[in-house]
1. Two decimals, Cα atoms only, Kirkwood Rh: what is Rg/Rh over segment 77-197?
2. Once you have the Cα-Cα distance between residue 91 and residue 179, take 0.36 nm times their residue separation minus that, and quote the gain in nm to one decimal.
3. Listed highest first by mean packing, meaning other Cβ atoms within 10 Å per residue, what order do 53-63, 171-181 come in?
4. Can you work out the accessible area per residue across segment 41-116, with the rest of the protein chains kept in place, probe 1.4 Å, in square angstrom?
5. How large a share of the accessible area of segment 85-133, in percent, is made up of carbon and sulfur atoms when the probe is 1.4 Å and the other protein chains stay in place?
6. Of the listed peptides 99-109, 23-33, what is their order by residue-averaged count of other C-beta atoms within 10 Å, with the highest listed first?
7. How much length, in nm to one decimal, is gained on full extension between residue 82 and residue 205, taken as 0.36 nm per residue of separation minus their Cα-Cα distance?
8. Residue 28 to residue 190: extension gain in nm, 0.36 nm per residue of separation minus the Cα-Cα distance?
Amino acid sequence: MIRPFDPRRLAAALKPADARKHTRFEDAVAFCIAVVLIGFGLALLQAAGLATGGVAGIALILHFATSWPAGLLFLLVNAPFYALVFRTMGREFGLKTLIVNPMLAGFGALAPHAFAIEVRSEPFAAVAGGVLLGMGVLALARHRASVGGFSALAIYLQERGVMRAGLAQALTDCFVIACAAAVLDPRHVALSVLSAVVLSIVLVLNHKPGRYSGF
């Protein structure tokens, strides 16, 4: 007897056999990796006198304006967004984000005592910083977490089918980079734009609906 076509059965058959939910240990390892990537990305941009998009960019702009630690500013700027993360992305996503942000602040506090960065090529720093930030944000997204703020909003809009995460990130980045013009010269603003574009490209190419199912 021929069975009628059932698209749900076909989808289940095509689903990768290893597409299982990440364990807590896997989440913890991913968070540590993401914090290192994002932390080094911020440190590299800071050493080059550059900003970028999102909350990270706002934190760097405030750092240049006040000399406060970028890691602390990152935590403070993100605070108003926590309620949005819980409301739009759920309790588990929100709790993971709350765990990641103090880790980033801690990395920022320890960084000056652990290493020093000498930037000899600001364009290279812009590109490398954008790549590091983008891969860090991507690692968090793959484990149902974020750095909060605009990244959480971008992921939410993509998962609701409103727009791609990279596009949403790019729009908010434009606003942040415009604010950077208040504390940076035109050359550093242009390089900050380059960094933000690279970050967005990383997300556009790698964070697509349905591509990754290991949540």
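1. We get a ratio of 0.99 for segment 77-197.
2. The span from residue 91 to residue 179 would gain 28.5 nm if fully extended.
3. The densest-packed peptide leads the list: 53-63, 171-181.
4. 44
5. Carbon with sulfur: 64 percent of the solvent-accessible area.
6. Per-residue mean Cβ counts within 10 Å order the peptides as 99-109, 23-33.
7. Taking 0.36 nm per residue and subtracting the Cα distance, the gain is 41.6 nm.
8. 54.7 nm
The values are calculated or read from the model by the stated rules, or taken from the named source; none is laboratory data. As the structure is a prediction and not an experimental result, all values here were calculated from the model. Here Cβ is always computed from backbone atoms with ideal geometry, including for glycine, and neighbour counts include all displayed protein chains. Please note that ligands, DNA and RNA were not included when accessible areas were found on the heavy atoms of the full protein model with its side chains. Shrake-Rupley method; radii C 1.70, N 1.55, O 1.52, S 1.80 Å.
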